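The values are calculated or read from the model by the stated rules, or taken from the named source; none is laboratory data. Note that this is a predicted model, so its numbers are computed, not measured. Virtual Cβ from ideal backbone geometry, glycine too; neighbours counted across all protein chains shown. Protein only, heavy atoms only, side chains kept; ligands, DNA and RNA dropped before computing areas. Shrake-Rupley method; radii C 1.70, N 1.55, O 1.52, S 1.80 Å.
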Amino acid sequence: MRVKTIIVDYMMRNLEISYEHYEDTGNMNVVDQVLISEAQAATEKANAPYSNFRVGAAVRLRSGRTFHAANFESEVFPAGLCAERSLLFFIESNYADDPIESLAIASVPSERECYPCGQCRQVIVDVERRQKSPIRVIMSGAGSATVVDSAEKLLPFTFKL
Ligand code: THU
């Protein structure tokens, strides 16, 4: 595992982004490996006939319970939703008293790690703020994974109302 820190100097402000990178997910702790497996399995449930890009997401809650979701596309473009947002909205609707600790993302095809889109990044940050605790984001693919300890790391200078 390599811990990497990127420091960006932007308009005299230091912006620090740190993340863990695992060349081989087999070196991760077992709990994270299991969550990645659940996200991978969830890709099979996707409905993605237009993009042919299947995404699976899985969360582990503080209680230890896990849940998953996949992306669903619609005949009426752009209706349909990413795996991550489908899952987060469901969890907040049903388990708001059990904070999300980790979110794993996987895709098929999987020749590289799958990173959340911009809208999903914003929604993960929204959920972190509402639940008042960070969500680790585990982005997996091609046998490797990158992990940030909060979605805020994926969205510097985050918008706030
Ligand atoms: N997709 C996700 O499910 N999550 C993301 O973070 C990015 C993209 C889905 C949406 C669409 O069904 C397909 O991947 C291609 O964009």
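Please specify each residue of the range 34-48 satisfying the condition of being open to solvent by less than 60 Å² (accessible area, probe 1.4 Å) and either within 14 Å of residue 105 (Cβ to Cβ) or modelled with pLDDT under 80 (or both).
35, 36, 38, 39, 41, 42, 43, 46
For the range 121-161, how many residues meet the condition of being on the phi < 0 side of the Ramachandran plot and touching a strand residue (DSSP E or B) at 6+ places or on another chain (Cβ under 7 Å)?
19
Which residues, counting only those in the range 68-94, are acidic (Asp, Glu) and assigned to a loop (DSSP other than H, G, I, E, B)?
If the condition is that a residue be acidic (Asp, Glu) and assigned to a loop (DSSP other than H, G, I, E, B), then 75 is the only one that fits.
How many residues does the range 102-161 contain that are of a type in the set (Asp, Glu) and touching a helix residue (DSSP H, G or I) at 6+ places or on another chain (Cβ under 7 Å)?
Matching residues across the range 102-161 total 2.
Here are 157, 77: which of them is over 22 Å from residue 46 (Cα atoms), in contact with a Phe, Trp or Tyr (Cβ under 9 Å, 6 or more places away or on another chain) and modelled with pLDDT under 95?
Sole residue among the options that is over 22 Å from residue 46 (Cα atoms), in contact with a Phe, Trp or Tyr (Cβ under 9 Å, 6 or more places away or on another chain) and modelled with pLDDT under 95: 157.
Could you tell me whether residue 83 is within 12 Å of the ligand (Cβ to nearest atom) and without any contact (Cβ under 8 Å) to a residue 12 or more places away in the chain?
Taking the combined requirement at face value, the residue does not satisfy it.
Quick one: how many residues across the range 22-73 are in contact with a Cys (Cβ under 8 Å, 6 or more places away or on another chain) and hydroxyl-bearing (Ser, Thr, Tyr)?
Final tally of qualifying residues: 0.
Counting just the residues of the range 68-80 that are of a type outside the set (Gly, Ala, Ser) and surrounded by 11 or more Cβ atoms within 10 Å (Cβ to Cβ), which one comes out farthest from the ligand (Cβ to nearest atom)?
Here the answer is 68.
Among the numbered criteria (1) of a type in the set (Ser, Thr, Tyr); (2) more than 19 Å from the chain's Cα centre (by Cα); (3) surrounded by 18 or more Cβ atoms within 10 Å (Cβ to Cβ), which single criterion is violated by residue 22?
Status for residue 22: all satisfied but (2).
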